[in-house]
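Q: First the structure, which I've put down as structure tokens, then a few questions once you've had a look.
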There are 2 protein chains.
Amino acid sequence: MNDLLIYCIPAFGVIALIFTFMKSSWVSKQDPGTPKMVGIAESIQEGAMSFLRAEYKVLAIFVACIAVLLVFGGLKSEDSSPLAAVSFVVGAFCSALAGYIGMKVATKANVRTTNAARESLGKGLGVAFAGGSVMGMGVVGLGVLGLGGLFAIFSNTFGHDERGIAQVMNIIAGFSFGASSIALFARVGGGIYTKAADVGADLVGKVEAGIPEDDPRNPGVIADNVGDNVGDVAGMGADLFESYVGSIIATMVLGAAFINMPEFANTNGMGAVMLPLLLAGLGIIASIIGTFFVRVKDGGSPHRALNTGELVAAAILLIGTFVLCKVMLPDSWTSIGGVAITPLKVFGAVIAGLVAGLGIGFITEHYTGTGTGPVKSIVRQSVTGSATNIIAGLGVGMISTAFPIIVLSGAILCAYEWAGLYGIAIAAVGMLSNTGIQLAVDAYGPISDNAGGIAEMSELPAEVRQRTDKLDAVGNTTAAIGKGFAIGSAALTALALFAAFKTTYEGAHAGEVLTIELTDPKVVAALLVGGMLPFLFSALSMQAVGRAAMAMIEEVRRQFRDIPALKAGLHAMNRNPGKPLAEWDEEDRATYEDAHGKAEYGECVEISTKASIKEMVRPGLLAVAAPVAVGFIGGPAMLGGLLAGVTVTGVLMALFQSNAGGAWDNAKKMIEEGFEVNGETLGKGSEAHKAAVVGDTVGDPFKDTSGPSLNILLKLMSVVALVIAPMI
Amino acid sequence: MNDLLIYCIPAFGVIALIFTFMKSSWVSKQDPGTPKMVGIAESIQEGAMSFLRAEYKVLAIFVACIAVLLVFGGLKSEDSSPLAAVSFVVGAFCSALAGYIGMKVATKANVRTTNAARESLGKGLGVAFAGGSVMGMGVVGLGVLGLGGLFAIFSNTFGHDERGIAQVMNIIAGFSFGASSIALFARVGGGIYTKAADVGADLVGKVEAGIPEDDPRNPGVIADNVGDNVGDVAGMGADLFESYVGSIIATMVLGAAFINMPEFANTNGMGAVMLPLLLAGLGIIASIIGTFFVRVKDGGSPHRALNTGELVAAAILLIGTFVLCKVMLPDSWTSIGGVAITPLKVFGAVIAGLVAGLGIGFITEHYTGTGTGPVKSIVRQSVTGSATNIIAGLGVGMISTAFPIIVLSGAILCAYEWAGLYGIAIAAVGMLSNTGIQLAVDAYGPISDNAGGIAEMSELPAEVRQRTDKLDAVGNTTAAIGKGFAIGSAALTALALFAAFKTTYEGAHAGEVLTIELTDPKVVAALLVGGMLPFLFSALSMQAVGRAAMAMIEEVRRQFRDIPALKAGLHAMNRNPGKPLAEWDEEDRATYEDAHGKAEYGECVEISTKASIKEMVRPGLLAVAAPVAVGFIGGPAMLGGLLAGVTVTGVLMALFQSNAGGAWDNAKKMIEEGFEVNGETLGKGSEAHKAAVVGDTVGDPFKDTSGPSLNILLKLMSVVALVIAPMI
């Protein structure tokens, strides 16, 4: 039975990919609308793809170098294997491919969402969500196919005994490392890109030149729309891909400890190793079924439609998980450390992960959502100026770390109490098993955002923009929840990888017990340095945004200066300050209309691409070099301290920055929507609004660059530790 | 020899107190100047003392409650003793008394500095520094007298064998707890007070009413000046008092492990226990000698004068420490954990602490000083508005954590390598042994700042204000260095206390080895929660400032509205916008002059006092309750994880916030002084200046409230753990 099961796993991946392909073809078949719309959409798609190409070029070199190092490192000791390099390359390829497919379809879905929204809200939702599910199902499909495939091949080669599986696990840890490498480029590079483009376009276009947002006369406008895809689709996708495969691999490593137990004879010892893969497979089926429940009629609530889909998937997962635990695990056994485990307890650990993920999401919404207490407090503090707005936002960000950490710690304690270290790892898998539909919902957001931009640029009727705005508003909420979820899953994955690191190290250094004692000052020193890294990493990525934005600003200024049509158009606008277009004199209007589409969007895209890829080198090197240096020089205990430090402050700083950014953003939105403070109705142009714009600008790199990048930092460092564990 | 030595220690304390008394009488004898100056100074002193009285009233209740709990806790097990309550009360009393004396003299020295500055710069420096040295020497004197006295009494009672000394150490750990309790109130309450008063006075006075800084027509102006004393004199003093006694006690606890070693027979086993006390005594002598070298002629540099004093003290300390190590310690012995220790190695550990303290100070100056690269980068980013100013400042704050952490970790590793856990604790003592002169220099800053304010309010000639400004400018630099030093010493003290906690726990639970393993998920969960506390604590104290400032703002507004003379004065001013006073018409000028001194300063002081004491309850309870709850419910390993978490993120957040705040402050100063960016000379009123004011306002609670409060949080939690160690 067992061998057959092993070959079944990749089949789940194939099912997901078939679904991906079907959705993708369906999206392509939708009508993209007017020629103007098609033109704009093509520019965005071209920009996004050219970013990916440029990124993947650098990545290819990076991957090749690391692969060579892994081959040499693998030859060094008999517990490591040069084949880890193969897994590494496959992991990188799968993640990159998932990103490519997801972006390609997302940049098709955006314009088709706009066009569908010309008919109805429901149709718009349908297209946007279909586009998002390509990203979601692509990620889980390629993750399960790649990981399951490698496991099937290598376990066939090395055998299913303890020694063989240990070898296999050392090798396929490389898959996770490959995924992390892509995530580093996609999240950090993408994060820098998206904010550099956003700030550049806004600062010169909106503030200096005074043209509206999403106006096609702004040379940076396409780069800005590309940025949404690069950061929120590809970046988020790579981030969750990394968590997804990382948590599965860590659980497999820890499950391998039970192989020789007589209780596991039923499954040839493999029950606990196979369980995370099967849960992932189950998640694929649940997600696919869930997508069918995402539908809305005009006047209905897109938010509820997305929720229904997620709930259905969660329900299926719940029942399925219970069955799988019962089938794959013995009635009871005793884990290392003396924890007595039963299938029900493992099921409990999975639930703990699921609940923690949802819990962190909801807490995030509480601290960042429009109309919530904390966001209102920022709005009220905006009335007294930017300084109080900033202080209030920083305060909300800091305080918002408390409950997520308590929920996370609670889940850790429960999962450990019930099922030992294995419980913690399987809790991470539980949190992530619904990644398919979760990511579909996440990616739906930027697609809707883009759809709105396209509606604006193609000058469609106001009702279309209203519909896309409605879709987009839901996207903002789901984005906030998604960010909280991504942080929570990163933390749990990092912990699972940390436990796997210890197990792998001990397995490779027979008989040695790795103690990482907090009363050992070496560990404390490493803990301090590790804790400092997220601060340094955040600062480096924020400074990178600043420099990249500067390059962008100069290019936009140059175009306004050097392109005659644009320059004339701006002059025409300045001759008619505040007047609606219809009241301008004939000639000015003609000049203004003529400037439409005359900007060299490609130049801006290229500059932003180059700057962001150049700027991510330093933080990227830091993330890879730190664990390698500490591991080889200071030894495994110090490396453990380093990982613990980076995990603790990484999670905290990610929550702090993401939530502060989200809260500032929505405080600005509330003011724009005319919230009342002390009887005075606020609105665009009020002093409070100016203060809120400052907060929002500060929050942008927080929530879209430095905050999310930390997810990658902590996972990447843990996975590097896991990979080098047999070598140090 | 040994018994005699024990009784010598308190004598060092007495010497320091005699010196304190002499300096204090000398200050009192100086001429306070004109009746107007005396009046203003009296208001400030009255306000400061009324704050202390109000604070000490609440403190008395708090101390009484904790003392009762300690009596009951001490009766619970035979390793703990109800006498710890006595030490606790004595510790609290000594710290409170040091604060009282320091504040009393500082608020005498301020006006006398102003008056001396009417004669010359050198005389001004002399008075200000004399005032500061009362705080400095009072702290070390009462610390050494109290601690040395208790040790002499209790060691006489319980005997000098291992069991007796263990009892004594458990008892006098309470002294450190007492000091921490005062520090909590002084630093957190004082921090809230000073910023609430500052923001309240500035926002209504400067921004709304448009009157200049330090103008006597502003009802909040006295409260603002009181705040400088409350926060920077009493708060800083209590903070360093806590570090000072905490590091000494921790070293004594760890030194007690060597009592039974035959190598220590020379000193009846007490060499390592007595060494930190003797180092403190040596530091007192060194500091006193150092103060004689602080003198400057007119035209000379006050900065160099202060540096000379500190260098002389450091040199004496260096030589003396070497001799003490040679005399008190055997030629070589082997510590627990197998570290072979020699006197030279212990000397090395002391030096590591000293160098780290200085190193962190200089790094802090690099990131926050006027004219340095990082501060210039903030200035340049101010040209594009408040948002970029804020982002740049946050970036500088985050990046500024890197080198201090590396220096600190380096010192930890060296000290441990050379002399084991004892080395780490003695390194903390080394860092702090010069506290006497260090704190004198720190307290000199706010005295000079006050002196400037008094010169302004008493309308003295411009040259006097110029001289006090020169004194004050040096004070800003020393304040930044002092803050870095306070954070570094807090971190090292917390680690030393952490090691003492483990030792004490193991001593009280005979045979049990306390392992705090990072691979134990319970420890990791506690580490996460501990890491979160500094974020929560910072947010709570920032929000407290906001609310307290609001109360203050309302009071200032009320006075402008309800006091006829003030209202008329403001109207007169508004009738002559921008005109120098000499050009106003007779009647307006008379009305304006008449408003002078009509504000009810006392009301503002009282409101600020009440609000700050009320607001510090929540963060204070958090700091005490968290370790108690985790210790009794989760056990010692989880408590260890909690402490490690709070130490790591506490140090990082303290550095981040203090340095960001300092950098913003000086960026604003550089703009005011006319720094050039892209050929454009900036200055007051420029757009860049407006942006920098926002940054400075955000930085104020960062650097004066939430940042420094974290020093207390991490030490207090460690000391609570140490005290409850025998009970859990």
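Every number here is computed from the coordinates shown, using simple stated rules; none is lab data. Fair warning: this is a prediction, and the values are worked out from it, not measured in the lab. When we count neighbours, we look across all protein chains shown, and the Cβ atoms used for this are built from the backbone with ideal geometry, even at glycine.
Q: What is the Cα centroid distance between segment B:693-716 and segment A:224-241, reported in whole angstrom?
A: Here the two parts' Cα centres lie 36 Å apart.
Q: Hey, another quick one. Only four residue types carry charge here, +1 at the Cβ of Lys and Arg and -1 at the Cβ of Asp and Glu. Report the dipole size of the protein assembly as shown about the Cα centre in Debye, rounded to the nearest 20. The partial results should precede the final answer.
A: Numbers: 94 positive and 122 negative charges, 222 e Å.
Here the size comes out at about 1060 debye.
Q: Still on this structure, I have one more. Provide an ascending nm list, one decimal, of label-point separations from B:E554 to the equivalent residue in each further copy; define each label point as 7 Å from Cα along Cα→Cβ.
A: 5.3
Q: Something else about it: Taking the Cα centre of segment A:465-519 as origin and charging only Cβ (+1 Lys, Arg; -1 Asp, Glu), how large is the dipole, in debye to the nearest 20?
A: 540
Q: Which of A:D232, B:D472, B:D161 comes first, and how do the rest follow, when ranked by fewest Cβ neighbours within 10 Å?
A: Exposure proxy ranking, most exposed first: B:D161, B:D472, A:D232.
Q: For A:L344, which inter-copy label distances result when the label point lies 7 Å beyond Cα on the Cα-to-Cβ vector, reported in nm to one decimal and in ascending order?
A: Result for A:L344, in nm, nearest copy first: 6.7.
Q: Between A:E673 and B:K326, with labels modelled 7 Å along Cα→Cβ, what's the label distance in nm to one decimal, could you check?
A: 7.7
Q: When the Cα centres of segment B:35-74 and segment B:80-106 are compared, how far apart do they sit, in Å?
A: What the calculation gives is 12 Å, centre to centre.
Q: Another question, if that's okay. Obtain the nm distance between the two label points defined at B:E603 and A:K57 by a simple spin-label model: each point lies 7 Å from its Cα along the Cα-to-C-beta direction.
A: Going from the B:E603 label point to the A:K57 one covers 7.1 nm.
Q: Among rounded, prolate and oblate, which fits the protein assembly as shown when a ≥ b ≥ c are the square roots of the eigenvalues of its C-alpha gyration tensor, a/c under 1.5 means rounded, and a/b larger than b/c means prolate?
A: On the way: a/c = 2.18, a/b = 1.21, b/c = 1.80.
Oblate, because a/c is 1.5 or more while a/b does not exceed b/c.
Q: Right, next: On full extension of the chain, what length is gained from A:A510 through A:A590, given 0.36 nm per residue of separation minus the C-alpha to C-alpha distance? Don't skip to the end; give the middle numbers.
A: Details: separation 80, 0.36 × 80 = 28.80 nm, distance 7.98 nm.
Roughly 20.8 nm would be gained on extension.
Q: Within segment A:676-712, list the trypsin sites (Lys or Arg not before Pro) lying in a DSSP loop whose Cβ has at most 15 other Cβ atoms in a 10 Å radius. Can you show the working numbers first?
A: Numbers: sites: A:K684, A:K690, A:K703; in loops: A:K684.
Passing sites in segment A:676-712 are A:K684.
Q: Using +1 at the Cβ of each Lys and Arg and -1 at the Cβ of each Asp and Glu in chain B, identify which of B:G299, B:L203, B:M328 lies farthest towards the dipole's positive end.
A: B:M328
Q: Hey, what number do you get for chain A at 222 nm if only DSSP H runs of n ≥ 4 count, each worth -39500 (n - 2.57), divided across all residues, to the nearest 500? Don't skip to the answer; put the middle values down first.
A: Values: 24 runs with 566 residues, N = 728.
Rounded to the nearest 500, it is -27500 deg cm²/dmol.
Q: Report, in listed order, any pair from A:K614/B:K690; A:K703/B:K690; A:K297/A:K703; A:K206/B:K206; A:K614/A:K703 with a Cα-Cα distance greater than 28 Å.
A: On the way: A:K614/B:K690 33 Å; A:K703/B:K690 26 Å; A:K297/A:K703 33 Å; A:K206/B:K206 33 Å; A:K614/A:K703 21 Å.
Among A:K614/B:K690; A:K703/B:K690; A:K297/A:K703; A:K206/B:K206; A:K614/A:K703, the Cα-Cα distance tops 28 Å for A:K614/B:K690; A:K297/A:K703; A:K206/B:K206.
Q: Then there's this: Counting only complete DSSP H runs, which helices of chain A cover 24 Å or more along their long axis at the Cα atoms and score a mean Kyte-Doolittle of 1.6 or above?
A: Numbers: long enough: A:2-29 (41 Å, 1.15); A:35-76 (60 Å, 1.12); A:84-119 (51 Å, 0.61); A:121-158 (54 Å, 1.43); A:162-183 (31 Å, 0.83); A:236-255 (28 Å, 1.17); A:271-291 (29 Å, 2.09); A:302-328 (38 Å, 1.21); A:343-368 (38 Å, 1.22); A:402-432 (26 Å, 1.77); A:435-457 (33 Å, 0.31); A:462-508 (65 Å, 0.27); A:521-562 (61 Å, 0.66); A:636-672 (53 Å, 0.62); A:707-724 (27 Å, 1.85).
TM-like helix candidates: A:271-291, A:402-432, A:707-724.
Q: Distances from B:N576 to the same residue in each other copy, label points 7 Å out along Cα→Cβ, in nm, shortest first?
A: 5.2
Q: Work out the length of the dipole vector of segment B:102-252 about its Cα centre, built from +1 on the beta-carbon of each Lys and Arg and -1 on the beta-carbon of each Asp and Glu, and round it to the nearest 20 debye.
A: On the way: 10 positive and 14 negative charges, 83 e Å.
The calculation lands at about 400 debye.
Q: Here's something else I'd like to know. For chain B, just run the numbers: alpha carbon Rg, then divide by 2.2 N^0.38 Å, N being how many residues it has. Working shown, then result.
A: Numbers: Rg = 25.3 Å, N = 728, 2.2 N^0.38 = 26.9 Å.
With N residues counted in chain B, Rg over 2.2 N^0.38 Å equals 0.94.
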